[in-house]
Structure formats: C-alpha cells, structure tokens
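Reading through the structure tokens given below for one structure.
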Amino acid sequence: MPALKLTARTARITWLGTVPEERKNIRSVPRSSVELSFAGIAGEMHSGRTRPSCVRVKGQFRQGTEIANTRQISILSAEELALIAARMRLDDIDPAWLGASMVVEGIPDFSHVPPSARLQGPDGASLVIDMQNRPCLYPAREIDKDHPGRGPAFKAAAKGRRGVTAWVEREGRMALGDALRLFVPDQRNWTPGI
C-alpha cells in the first residue's frame, strides 16, 4: 500500500529562479527552467547534498555542524505572495527579493502543506517538502532597497506565508508553466496524548 496519496490538487509553476553561489545578497535570478540533481540546482547557493546547520535547527545542532541538506529549494505560493504584498501595502512581491527558487499557484494554504509531501513534475522529477520556511531579515533588506521604509513590515506580513523548503527526491527538469502533482503522506494528523 502506498505511503503517499495523490491529491486532486495541482500546482502550476509561475516563476523560477536561482541565487548564485557568488553573490552580494539573497536575490534570485529569474530562470525559464532548472535542472534538478540530487544536490539541488547546480551553482545555486543552497545546492549540495549536505550543508552547515543554521539557526533553524539550533535546538539539535551547534551552528555549522554538517547535516543533510533538506533546504535545497525554496518554494513560494503566488496566492500567499499576494497576501504578503497586501499586508505590506505593496502592489506585489518580487520572488527574487526572497531568494526564491520557485513560485507555484493553485494549492491553497501552501505554506502549511504537510512535511514529507511531494511535488512531482511532468518528467517525474520530484521534490520533497521538508518544512515551512520562516520569515527572516534578508528579504526585508532587499524589499527596503526597492521600497524604502517597507522592508521592516515583511517579517510580520509573511508569518505563516513564507512557503516551504524542499529537497530533490528524483532528478529531472522543471520549467515555467509545468503542472506539479501533489502527493501527501497517508496518515492521520499527529495528536499527542492519544
């Protein structure tokens, strides 16, 4: 019996980008397609089979400890970006400001898709969602460069809407306009104390 079930939801890729390894900030460079390997996207700042641990896992590891790289890809929702923009009183949010790898549309409440869910592209390339991405100060700095005084509002506006981090489960290609199938773990919600 499969441990993952195919949902009726699909996501369409509306934006792709990469943050170059050699960079001055976290801005992504737009792309029309990306080649995914088990290390992520070649030449991208978050690529690699392993990475140094960061503040997100400081309860488990001393910062800088080498761990498996489960944050190769940063995926955002077009619908949630629109909500963030509205809360910040901006016309829109450029995914490049957030260091995004991908923006998808069509999956409601995308930032809360369960960990271990999969997004699978037309050629079988598959991404495993690790966890919700948290708002941080780096995007705020980029927003502030283009909209002085607006950056500080990002962290509160993006809370619970910052998308997810993911890693490559199956290599392949993803391109603008691709439809991604959503698979979710076939299990009940965790309820401690039962």
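Here, each number is a calculation from the coordinates, and none is a lab measurement. As the structure is a prediction and not an experimental result, all values here were calculated from the model. Methodologically, a virtual Cβ is constructed for each residue, glycine included, from the backbone with ideal geometry; neighbour enumeration extends over all protein chains shown.
What the table below lists for this structure:
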quantity: Strands (runs of 3 or more DSSP E) contained entirely in region 136-194, each with at least 1 residues that are of a type in the set (Val, Ile, Thr) and surrounded by fewer than 18 Cβ atoms within 10 Å (Cβ to Cβ); calculated: 179-185
quantity: Criterion: in contact with a Lys or Arg (Cβ under 7 Å, 6 or more places away or on another chain) and in contact (Cβ under 8 Å) with a residue 12 or more places away in the chain - qualifying residue of Ile93, Ile41, Ile75, Ile67; calculated: Ile67
quantity: Qualifying positions in region 11-63 - hydroxyl-bearing (Ser, Thr, Tyr) and closer than 25 Å to Asp178 by Cβ; calculated: Thr14, Thr18, Ser28, Ser32, Ser33, Ser37, Ser47
